[in-house]
Amino acid sequence: MRHQMHSLALALAAWAVAACAEDCSSLLQARAPVAQYTVVEQQEEIVWNIARGTNYTLQFFSVVPTFGADGNYIALLHEFDPVLSKLGAEELYCSDASGVHKTQLRVYGREKGIPVSLIFHCDWPEEQSELENFEVFLENEEGKTLGKVAVNHNTPSAKHQSVACVRDVFMLDHLGLDRVNETLAYKHLVEWLEFHLYHGMDHFFVYTFGTVDDVYEEILKPYLLAGAATRIHFKTRPDFHRQRQYWSMTDCLYRSKNHATWVMPTVDRDEYFRVTGPSELFGTPSVPKNYFHTVWDAIVRHEGKREEDVKSITFDLYRFELPSRDELTISSTMRQAETQAAPFSRGEGKKGWPKFVYNVKNANSVYVHWVHSSVHGTEDLHISPSLGVANHYRSPFDFDEHEFPANVSDTTLQTDVVALEEALAARFQRNPREFLKYLSHKHPAPDVPESNWFAATDRLPTSWKAALPEYIPVDWFGGAAGHNLLAENGIFDQLKRDDLQMFG
């Protein structure tokens, strides 16, 4: 049975029926052209006979057509698998049903580092960019058809300066870590969306998986209807939240191709980037209200670089304590003195993994903390906290709550509190304090405990198996065994600014 994306019209109708508590016929008629809703179904399996009866089964988790200055091709997205990465995927070809423009697949995501996806580019004629439906046939070197994938082309055509990818909402329930933060997931999500819109973020690609509860629908609906967000819904929901994040950030990269300049792929709903050096970046004593629209270009200019030579901009994070449930997260004014370090690397001179934005034209694949594969010769710009930094509101403070207390007063985002409360009141027609408190008591379903996944190799996502082929310990990457496995697989090549100690 062939799986394919639903048309925009059908998907929008399904969204409206599910999201509205009242009769929505008039709403559909008035707002249908605005809301963007794409449903993604896993493609059917394609069996590739490699040699001497050896078969490999391909199953793409998403297929994204993209046309424009960033390239004309259809991106076939596959979970990383070390077997597939070494099979010589260049021996695969793609074409339409007629076979007129048969072309060899280009493969990305096999570079050293922490791999999460394999991306296959199937070049496609630009003159077909206006088509709504595509069928992509895969062939081997001998010209034998292996199978096909089908996809709708319904990503918004608007071009944006800055786009953010928004991962799904979930609640961790393992080892006692992050219990407070994850139970505030809905509250954090709505605040985060409003803050970024207020400061000039042009658009969101919001990701959902499987069954979505009414609270989630309630939060997303006004942003979708306002045209501020596009919802990408995967009907298949992987159990492991990291696997869902990998699907989201890879899919978002290719939906942003030809539609955005800068993309913020993995900044979480409890992380807020802010400008700390307005005079250096903008030549003004105050930060522009819509800084997300201009700050990345300003950083490139400040560093004396050209946009075409930059693959990404990375920045550090300060960890803040959380405020009360009925207050905006950014109301908190107490943080740690130093930028946060990675788990198990606490101490003088040790830094944490950054977050980042990337130049969509130069990125081919991404990891949570950096660009994994990029155009040759492009570079990352890591900025000082004196130019820009993210506030990370998190409690408890992982592993170091008592050793590294939040004892520094930082009121930088206090000036936004009133404006954001007013914006929330206008969007949801509710008292913002009451609304935030209501959301703080609504929780998504618990996710599969990470410790269960780390202790059972047969359930690990293939990308983790590739990074640590034998076993991922419950204590994450700690100890000599973890250190050796990471070193053998080239992962240390990606770790930045003295992070090696975290594995020692």
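At-a-glance table
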| item | result |
| --- | --- |
| Checking N49 against (1) open to solvent by less than 10 Å² (accessible area, probe 1.4 Å); (2) not in a loop (DSSP other than H, G, I, E, B), the condition it does not meet | (1) |
| Pairs with Cβ under 9 Å, 6+ apart, first in segment 234-257 and farther than 21 Å from A69 by Cα and free of Cβ contacts under 8 Å to residues at least 40 places away in the same chain, second of a type in the set (F, W, Y) and surrounded by fewer than 24 Cβ atoms within 10 Å (Cβ to Cβ) | R237/F209 |
| Residue count, segment 83-121 (criterion: open to solvent by 30 Å² or more (accessible area, probe 1.4 Å), in a helix (DSSP H, G or I) and closer than 25 Å to R244 by Cβ) | 1 |
| Any helices (runs of 4 or more DSSP H) falling wholly within segment 365-483 and containing at least 2 residues that are modelled with pLDDT under 85 | 450-454, 462-467 |
| Cβ-Cβ under 7 Å pairs, at least 6 apart or on other chains, segment 307-331 side under 14 Å from P354 (Cβ atoms), far side in a helix (DSSP H, G or I) | K311/N362; I313/W296; I313/I299 |
| Residue in segment 193-210 that is of a type in the set (A, V, I, L, M) and closer than 24 Å to Q42 by Cα present | yes |
| Criterion: more than 24 Å from F134 (Cβ to Cβ), among the hydroxyl-bearing types (S, T, Y) and either modelled with pLDDT under 65 or in contact with an Asp or Glu (Cβ under 6 Å, 6 or more places away or on another chain) (or both) - qualifying residue of S25, S62, S7, S85 | S25 |
| Test set (1) open to solvent by less than 30 Å² (accessible area, probe 1.4 Å); (2) modelled with pLDDT under 95 - E127 fails condition number | (1) |
| Filter result for F234 (open to solvent by less than 10 Å² (accessible area, probe 1.4 Å), more than 15 Å from the chain's Cα centre (by Cα) and within 24 Å of L193 (Cβ to Cβ)) | no |
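The values are calculated or read from the model by the stated rules, or taken from the named source; none is laboratory data. Please read these numbers as outputs of a predicted model, since none were measured by experiment. Note that we place each Cβ from the backbone using ideal geometry, even for glycine, and neighbour counts take in every protein chain shown. These area figures cover heavy atoms from the full protein model, side chains too; ligands, DNA and RNA do not enter into them. Shrake-Rupley method; radii C 1.70, N 1.55, O 1.52, S 1.80 Å.
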